[in-house]
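The values are calculated or read from the model by the stated rules, or taken from the named source; none is laboratory data. All values reported here derive from a predicted model rather than from experimental measurement. Note that we place each Cβ from the backbone using ideal geometry, even for glycine, and neighbour counts take in every protein chain shown. Heads up: the accessible areas ignore ligands, DNA and RNA and are worked out on the full protein's heavy atoms, side chains in. Shrake-Rupley method; radii C 1.70, N 1.55, O 1.52, S 1.80 Å.
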Amino acid sequence: MKLANHLCGRWQEGGGEGLALLDPVSGEPLVSVSSEGLDLAEALAFARREGGRALRAMTYEMRAAALARVADVLQAKRADYFDISLRNSGATEADAGFDVDGAIFTLKAYARAGKVLGAGRCLREGARVPLAKDGVFQGQHFLVPMSGAAIFINAFNFPAWGLWEKAAPALLAGMPVFVKPATPTAWLAQRMVADVVEAGVLPPGALSIVCGSARDLLDHVGECDVVSFTGSADTAARIRNHPAVVARAVRINVEADSVNSAILGPDAVPGSAEFDLAVKEIVRELSIKAGQKCTAIRRVLAPAPVARALADAVAARLAKMPVGNPRTAGVRIGPLVSKAQQTAALAGLAKLREEAEVVYGGDPDFVPVDADPRQAAFVQPTLLFCEKGLAARYVHDVEVFGPVATVLPYADAAEAVAIARRGGGSLVASVYSADPAFVGALVPAIADLHGRIMVVDAAVGSNHTGHGNVMPTCLHGGPGRAGGGEELGGLRALAMYHRRHVVQGGPAVLELLSQEAVDAALLGA
Ligand code: NAP
């Protein structure tokens, strides 16, 4: 079956044979995708013209209600999505839940949050600015929805959440969504779009999808579009430098790769709650989605006296987690999504092994449960130990996109800060400590290079939301190599899909223009 593309308000098949999407356990072809011969310029124009106009005619609360209906449609088909996740991504039940339920949860969060913006259609920011004596001439800042399309170029690891965490704020802001999912796992995103389109809960043109190569898509971007990209730093650089993007100063958001840290404080010694919480979280991060999360823990910074004990505790837990075919009962860790990803992960692992010893795993010939290693794309969960600290050449730079993490001992808080910062900008760091001096020094010292910092101690216990778990109400994105993007953060995310401008004029004009505006301060409320 070749997946159709939803463009110009109708389903269109790309030409040629198409690219096959495979089951990463058996290697069997499942469906194929193609964007060959499709008119992407007209498809974008249709989204802007029809979808954009219809969405902007709605108020924020009407769009919020539409998001709730989208969530209901997806909720009703949840079982189908778990099945596709299993077949196309090799997802365990927990992995599929992370992606699919995460998507629905995020949509519902925006449906709820969007109600607060009420019957407005744009945002008024701040107080009037006096520009002349007696108030006859003033300035007022506004944010209006952008009249282009919100173009999403997404990564393979979150075909569901990656689509809807971007689409929810964009649709709520009044921008039509045009998504190009990553080819290896495009099936789930395509099915979700098909279900939402069939349900008729969004206006025509509000949701478009093209599967397969992006082809000439970026040639047609305009100054009122937003391009939001998630994927590797290399592709991000190509997109940022695309001539049309540069020439038209197109707004770009990039969520790229990241060598995230878990940092144990000096008080997180064996026997402490903080030590146990760290061990549990590191193992969870290595197992969920087989480590294929942009937020996953890649580096574990531990005080030198406890680093070995920590590594042993993580290894002992990993040894108890069956790795194999997610269809088999008891399997906890599945494959990577493709042979290509397996090859890339093993190449990265080989680099890390040049300067780190293997504490657990790392066997390229290991035998997964109920799967033939020749066809399947497994990487054995692996924990490494690197004594080189800041002098390491690869550990701080190479993101192995799989179940691999490296323990790095540190001597003191200053060294922990330096190692965390050496990641060059990360999505997240988690800190396991109840020591106020350590936390108080560490967090501000790494904050400008991290999008999110999660601090866990005994009092928080298991109530934390997770190192790798992105909450719709909190910021997602990181500086530097993480791409410099910002997503989510509740209604703050709407700012990317609006354009700020100031109107200077008399009070009557400003009053007139403010009639459909709601207070932009609500975005941060
Ligand atoms: P990728 O190879 O960079 O691909 C990402 C997307 O870009 C895919 O849809 C791909 O399409 C498309 N693409 C590739 N070349 C393009 C071009 N020249 N023009 C337009 N689009 C192009 O990344 P990936 O392997 O899918 O994803 C893994 C990476 O994503 C990891 O490094 C991970 O850390 C990162 N990631 C980051 C986040 C975050 O939120 N920060 C979240 C998830 C993943 P095709 O698939 O058709 O090639």
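So the values come out like this:
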| item | result |
| --- | --- |
| For Tyr432, solvent-accessible area (1.4 Å; no DNA, RNA or ligand), Å² | 0 |
| Solvent-accessible heavy-atom area per residue, rounded to whole Å², over the chain at 1.4 Å | 37 |
| Part-to-part distance (alpha-carbon centres) for the stretch 343-378 and the stretch 1-73, which is given in Å | 36 |
| Candidate lysines for bridging to Lys2, where Cα separation is under 19 Å - those fewer than 8 sequence places away on the same chain excluded | Lys180 |
| Cβ-based charge dipole, the chain, positive-most Cα from Leu74, Gly174, Ile151 | Gly174 |
| Charge dipole (debye, nearest 20) of the stretch 249-396; +1 at Cβ of Lys and Arg, -1 at Cβ of Asp and Glu | 400 |
| Mean Cα-pair separation over length for the stretch 152-309, i.e. relative contact order, pairs under 8 Å, 6 or more apart, % | 19 |
| Dipole of the chain, positive direction: furthest Cα of Ala437, Val269, Val193, with charges on the beta-carbon | Val193 |
| Amide hydrogen neighbours beyond the local backbone of Phe152, cut-off 5 Å, H modeled | Phe178, Val179, Lys180, Ser228 |
| Dipole moment magnitude, nearest 20 debye, the chain about Cα centre, only Lys, Arg, Asp, Glu C-beta charged | 980 |
| Selection of chymotrypsin sites (Phe, Trp or Tyr not before Pro), the stretch 133-242, meeting DSSP coil and at most 10 other Cβ within 10 Å | none |
| Interchain or long-range residues, amide H under 5 Å from Arg452's placed H | Val428, Ala429 |
| Integer Hz, Karplus 6.51/-1.76/1.60 couplings in order for the stretch 447-453, x for Gly and Pro | 4, 6, 10, 9, x, 9, 10 |
| Which of Leu346, Leu21 is most accessible, then next, and so on - probe 1.4 Å | Leu346, Leu21 |
| Rounded to 10°, Cα long-axis angle of helix 273-287 versus longest principal axis of the chain | 80 |
| Mean separation of Cα contacts under 8 Å, 6 or more apart, over the residue count of the chain: relative contact order % | 19 |
| Between 0 and 90°, nearest 10: helix 339-353 axis offset from the chain longest Cα axis | 60 |
| Projected label distance in nm at Arg240 and Lys77, using a 7 Å step from Cα toward the beta-carbon | 3.6 |
| 3J(HN,Hα) from dihedral phi, the stretch 320-333, Karplus parametrisation 6.51/-1.76/1.60, rounded to Hz, x for glycine, proline | 8, 9, x, 10, x, 5, x, 6, 8, 4, x, 5, 10, 10 |
| Phi-based couplings in Hz for the stretch 233-245 (Karplus 6.51, -1.76, 1.60; Gly and Pro marked x) | 4, 5, 5, 4, 5, 5, 5, 4, 8, 4, x, 5, 5 |
| Accessible surface of the stretch 1-105 [probe 1.4 Å, protein heavy atoms]: carbon and sulfur percent | 52 |
| Accessible area (Å², 1.4 Å probe, nearest 10) - Thr235 | 50 |
| Surface/4 estimate of mean projected area, convex hull on alpha-carbon atoms of the stretch 417-525, nm² | 9.6 |
| Overall Cα dimensions of the chain, principal axis frame, Å, largest first | 70, 61, 41 |
| Loop-located GluC sites (Glu not before Pro) in the stretch 213-319 whose Cβ has at most 15 other Cβ within 10 Å (DSSP) | Glu223 |
| 0 to 90° range, to nearest 10: angle between helix 304-318 axis and the chain longest Cα axis | 80 |
| Positive minus negative residues near Pro322 (Lys, Arg vs Asp, Glu; Cβ under 12 Å) | +1 |
| Unsatisfied cross-links (Cα-Cα over 31 Å) in the set Lys293/Lys388; Lys108/Lys289; Lys77/Lys351; Lys108/Lys339; Lys293/Lys320; Lys320/Lys388 | Lys77/Lys351; Lys108/Lys339 |
| Normalised contact order of the stretch 75-153, rounded percent, pairs of Cα under 8 Å and 6 or more residues apart | 18 |
| Quarter of the Cα convex hull surface for the stretch 64-184, i.e. its orientation-mean projected area (nm²) | 9.4 |
| For Cys224, net neighbour charge (Lys/Arg +1, Asp/Glu -1) across residues whose Cβ lies under 10 Å away | +2 |
| Set of aspartates and glutamates near Lys166 by C-alpha distance (under 13 Å), chain-local residues within fewer than 8 positions excluded | Glu255, Glu486, Glu487 |
| Amide H within-cut-off set for His498, under 5 Å, with H built and near neighbours excluded | Met146 |
| Candidates per GluC sites (Glu not before Pro) in the stretch 333-412, loop by DSSP, up to 13 other Cβ within 10 Å | Glu354 |
